[in-house]
Structures are given as structure tokens and as C-alpha cells.
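The values are calculated or read from the model by the stated rules, or taken from the named source; none is laboratory data. Treat the numbers as computed from the prediction; the structure is a model and nothing was measured. Don't worry about glycine lacking a Cβ; one is built from the backbone with ideal geometry, like all the others, and counts go over all protein chains shown.
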Amino acid sequence: MIRISHFQSRSFVDGPGERAVLFMQGCPIECPGCQNRHLWTPFGGRLESEIDVADTLVNLAQEHGNITISGGDPFAQPMALLCLVQRLREYPQVKHIIVYTGYVFENLVKAIDSTTAALDYIDVLVDGPFIREMDDPLITYRGSRNQRPIDVPASLKFGRAVLLDWDHPEIVISPEGDAFMPVGLVKEFEEIGDVEKTRRCGQTKG
């Protein structure tokens, strides 16, 4: 069983492209300034089977195949996370899986349990705790500058963290015409329309 908070059916800020997102419940790291404090407690949310959660995510991602698993911290439930990503990989529709964690990649690799095994099924890991003093209004898809977007298959192959280039601010236009961008770019586009801040990674929806 896996303890979850909720699903986000469509997101443009939890990784590149349109994505279906699962927010898992429980996080022992408790970073100061965290925007998801309500997901810290391991007793909140609800319990579901990994099979049911995987089925829901696949249905939500049917058109694009992109899935993000966030929290809370997914690696606070390592066995449940392993079962979930294993199940997701059984679906041909699933093209890309991102997992966000406050733990550091090098420490996850050293773990001798289901933590390390789960990495085999993940495309990108965004690692590291949120550090409020390192927040940057121009970074994309993460909360603070220390957090690294890691190409997991390449990193496991070469035995070191291989980073992806997420350092260039992006503007994403949804099919409905909404513009998603780092909050630091908003002033350049204030005349276009209404501005609505999202709670994810300091980004803004215009």
C-alpha cells in the first residue's frame, strides 16, 4: 500500500512538458520554507494500492505519457515507490517518469534496499532539500538552486550524477493559451493578462 495526498491531472510546472502528477504523503526532511508543509505528516492523506495508483496515473497521462511523482517525499516510502514505478513501467503508454526528493542522489545510490532499486525505473531525479536562501526566481521546475535535475540512467551507467540543463528559463504555453514561466519573468509579461501564482516551485501562471 502507498500513502498518497492527491493527483494533479495536468501540470506544466512539475517537469518539462504536460505531466500527470502524484503527490505522496509524508516527509521526514521538513525543509524550512517548504510550500507543502501539509504533506509532511505520515498520517495524512489516504492509503491506496500501488496498482490502483499506477492505473490512475496512466489514465491521466494517456495522451502524453509523462508522469511526475512528488510529495511529501516519495523516498520516505521506498518499497511503495519501488512497487509503483515497477508497475508504471509495465504500461507502454508511460514514456517519462520524474521523481522529486529531498534526499541526495549519492546517498540514495548507497542505500541497500528498495531505495536503490527504484532508481532503475526513473528517468529523472530532482534531488536535494529545498534551501530557502538558494531560491532563484529564474530557475525552472524546482524550488532552489541546489536541487539538481539528474539523468538517472546515465548516472547509474557512469557511476556519478549526470545533470540535465534546466538552468535556462522556459515559457510554456498550454493548449488553452495559459503561459507558465518562472516568477522572475512575470514583469516582462504583465500586460498580457491576469497573473496567478502557483504553489509549485515558485513558478507563475499568466
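Would you confirm, using the coordinates I've provided, whether Gly33 is touching a helix residue (DSSP H, G or I) at 6+ places or on another chain (Cβ under 9 Å) and modelled with pLDDT of 95 or more? It is false that Gly33 is touching a helix residue (DSSP H, G or I) at 6+ places or on another chain (Cβ under 9 Å) and modelled with pLDDT of 95 or more. Of the residues making up the range 37-44, at least one is assigned to a loop (DSSP other than H, G, I, E, B), surrounded by 17 or more Cβ atoms within 10 Å (Cβ to Cβ) and either in contact with a helix residue (DSSP H, G or I) (Cβ under 9 Å, 6 or more places away or on another chain) or at negative phi (or both). For the range 57-73, the set of residues classified as in contact (Cβ under 8 Å) with a residue 24 or more places away in the chain and part of a helix (DSSP H, G or I) consists of Leu57, Val58, Leu60, listed by residue number.
Which of the residues spanning the range 1-23 are under 11 Å from Thr56 (Cβ atoms) and surrounded by fewer than 16 Cβ atoms within 10 Å (Cβ to Cβ)? Correct list: His6, Phe7, Ser9.
So for the range 7-15 (the condition being within 22 Å of Val94 (Cα to Cα) and of a type in the set (Val, Ile, Thr)), does at least one residue qualify? So that I can check it myself, show each step before the final result.
First, pick out the residues of the range 7-15 that are within 22 Å of Val94 (Cα to Cα): 7-15.
Okay, now just the ones that are also of a type in the set (Val, Ile, Thr), so 13.
For the range 7-15, residues within 22 Å of Val94 (Cα to Cα) and of a type in the set (Val, Ile, Thr): present.
Checking every residue in the range 85-103 against the condition of being modelled with pLDDT under 95 and either of a type in the set (A, V, I, L, M) or buried (at least 22 other Cβ atoms within 10 Å of the Cβ) (or both) gives zero matches.
Would you confirm, using the coordinates I've provided, whether Ala54 is under 20 Å from Arg160 (Cβ atoms) and free of Cβ contacts under 8 Å to residues at least 60 places away in the same chain?
Values: under 20 Å from Arg160 (Cβ atoms): no; free of Cβ contacts under 8 Å to residues at least 60 places away in the same chain: yes.
No.
Listed conditions (1) under 17 Å from Gly102 (Cα atoms); (2) surrounded by 15 or more Cβ atoms within 10 Å (Cβ to Cβ); (3) at pLDDT below 95; (4) not hydroxyl-bearing (Ser, Thr, Tyr) are all met by Gln147, apart from (3). Condition test on Ile69, is it within 24 Å of His96 (Cα to Cα) and within 16 Å of the chain's Cα centre (by Cα)? So Ile69 fits the description; yes.
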